[in-house]
Structures are given as C-alpha cells and as structure tokens.
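Reading through the structure tokens given below for one structure.
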Amino acid sequence: MIDINTMLFAPEWGFLRFAVLVGLLISPALGVIGTLVVTRRISSLAGASAHAALGGFGLALFLQRACGLAFVTASGGALAGALIAALTVGIVSITAKEREDTVIGAVWALGMSVGLLFLDHTPGYVDWQSYLFGNILLLSQHDLYLTLGLDLIVLVPVTVFFPQLLAMLFDNTFAGLRGIRGNLIYLAMLALTAVTIVLLINLVGIMLVIALLTLPAAAAGCCTVRLKSMMIMSAVFNALFVVAGLVVSSLFSLPSGPTIVVFAGVVYVALLGIRKLRKK
C-alpha cells in the first residue's frame, strides 16, 4: 500500500494530483447540470446523450477514414450526435406529447447501435472502449483548460437565467403566463446537458459522466429541496467522491472510475435510508 505523504509530495505522483485538480474543477459544472437533470426527472437523458454521442463519434470516424473527409473530427461528430439526441428528446416530448422516458430509451438504443455499426466498418484500429470508460488519471494541461471552459459555459447562463430555469422546472404553465418561454429554456437546458456530457466524455468516459451527473445530485436531493442549495451541495459531493475515489484507488491499486462510482452510490443509498428513517 502506498503512503499518503508519497502521494501528496512525490514528483512521480504528479499525475494523481493533476487528476484531483481536474476532478475538483469539473465538479461545479456537474453539480449544476446534474441538479437540473435530476430535478426534471430525466436522468436517463445523460445516458441517451452519451450513447448518441457514440453514434456521432462512429459516423465521424467512418467519414474521416473510409471516405477521406479529413475535416470531420471525432469530437465534432460526438458533439453533433449528443446535441441531436438531446434536442430530439425535447422537441418530440413537447410537440408530440410523448413521454420523455420513452423517447430517451429509443434514442439511447439507436444512438449506440448506429455508432457500433459505423465503428465496425471503419478502417484501422478504433479503441472504442476508452471512449466508454475513459481514464481520469491520463489527463493533460489541455484537459485542464477544457474543464475551465466548461465551467464558464455552464455557470454563466445558469446564473443569468436562474429565475427562468426555476420557473420552467417546477411550473412550466405558470412560467408561460409570466411571459417566460419555458419550452425554449427547456431545449437550451437539454443542449447544455449534451455539451457537458460530450466535453467530459473525453476526460473520464461515458460511465463516469453518467454516474457523476446523477448520483451526487440525487444525494444532494436527499438533504435539501431548494434548487440553489442542491446545486451547491451536488458540486461538493462531486468533488468529495472524485477525490476520495482517486485516493483510495491509488492506495489499494484499484481502478479509479469504478471506485469513484462506488463511493457515490454508497453515499446516495446511505442518505436515502437516513431520509426515510427521518420520515418515519
């Protein structure tokens, strides 16, 4: 087992300290978006957008390698796939009055299937498993700047339009009577969620993004019912889970991503149990 002092100060453990820094920096964006997704009860949208991003990722690689379209990038394809999926869910649920969970399930399955079909016919080796699982320990300075940019992309519009978001989340009809374009705010929220997912997939993979979007926000929801407090608490939980998971996984030679998810799941279940006991 590795000594804590070695992890904190030894030069060879700089990659772990860098991963902790990036984990702390992604926490505000994850806390805010996760709270919006959990409050709206569309947590599965995170999974649908992530797997639809895999569809765009596969199509972009196929066009790049098989069709010679060098200007098409994998990250651009993933972003397009996730945005199309998120906006499709929103538009269909608004215009066709279809249940969101039904549309999300269809988009989830279709997006992943399309991506795997294109990847299967893409020339050369494609490490699609790293796309699914990522590795938070293999980050660069570019990823640090990407994380700071994501925080700005998420925090600025949410801060500016917080009253409108609040009205849309809890009473869209009342919001419409007050002149707030609730449907437009809803679609913007879905687009912001898709952008967050795609940018973080490059850092930590699909599985960890889905877990960190939903579990910390759900845990925060066990402690408070106020939206602003829930966002702050969710960001704090994100930071705690990432740091604790990274440290414990390094101490005991465990995979970092699953360790972080287990921490988040255990805390959520514990808080859920405590809340139910208090109600009794």
In the stretch 203-243, anything more than 30 Å from Gly115 (Cβ to Cβ) and either open to solvent by less than 30 Å² (accessible area, probe 1.4 Å) or of a type in the set (Phe, Trp, Tyr) (or both) is listed as Ala219, Ala220, Gly221, Cys222, Thr224, Leu227, Met230, Met231, Ala235, Phe237, Ala239
Here the residues within the stretch 168-191 that are under 17 Å from Val32 (Cβ atoms) and open to solvent by less than 30 Å² (accessible area, probe 1.4 Å) are Met168, Leu169, Tyr186, Met189, Leu190, Ala191
Within the stretch 38-76, the count of residues that are in a loop (DSSP other than H, G, I, E, B), closer than 22 Å to Tyr268 by Cα and β-branched (Val, Ile, Thr) comes to 1
Of the candidates Ala78, Ala85, Ala70, Ala46, the one satisfying the condition of being open to solvent by 10 Å² or more (accessible area, probe 1.4 Å) and either of a type in the set (Phe, Trp, Tyr) or under 23 Å from Phe118 (Cβ atoms) (or both) is Ala70
Of the conditions (1) farther than 23 Å from Leu146 by Cβ; (2) surrounded by fewer than 18 Cβ atoms within 10 Å (Cβ to Cβ), the single one that Val38 does not satisfy is (2)
Subset of the stretch 88-121, residues in a loop (DSSP other than H, G, I, E, B) and either open to solvent by less than 60 Å² (accessible area, probe 1.4 Å) or of a type outside the set (Lys, Arg) (or both), comes to Ala96, Glu98, His121
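Residue-by-condition table, conditions (1) under 21 Å from Ser49 (Cα atoms); (2) at pLDDT 90 or above; (3) under 11 Å from the mean Cα position of the chain (by Cα); (4) of a type in the set (A, V, I, L, M):
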position	(1), (2), (3), (4)
Asp151	yes, yes, no, no
Phe161	no, yes, no, no
Phe170	no, no, no, no
Gly179	no, no, no, no
Asn183	yes, no, no, no
Met189	yes, yes, no, yes
Leu192	yes, yes, yes, yes
Leu200	yes, no, yes, yes
Leu212	yes, yes, yes, yes
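The values are calculated or read from the model by the stated rules, or taken from the named source; none is laboratory data. From a predicted model like this one, the values you see are computed outputs, not experimental measurements. No Cβ is skipped: glycine too gets one built from the backbone with ideal geometry, and neighbour counts run over all protein chains shown. The area values use the complete protein model at the heavy-atom level, side chains included, leaving out ligands, DNA and RNA. Shrake-Rupley method; radii C 1.70, N 1.55, O 1.52, S 1.80 Å.
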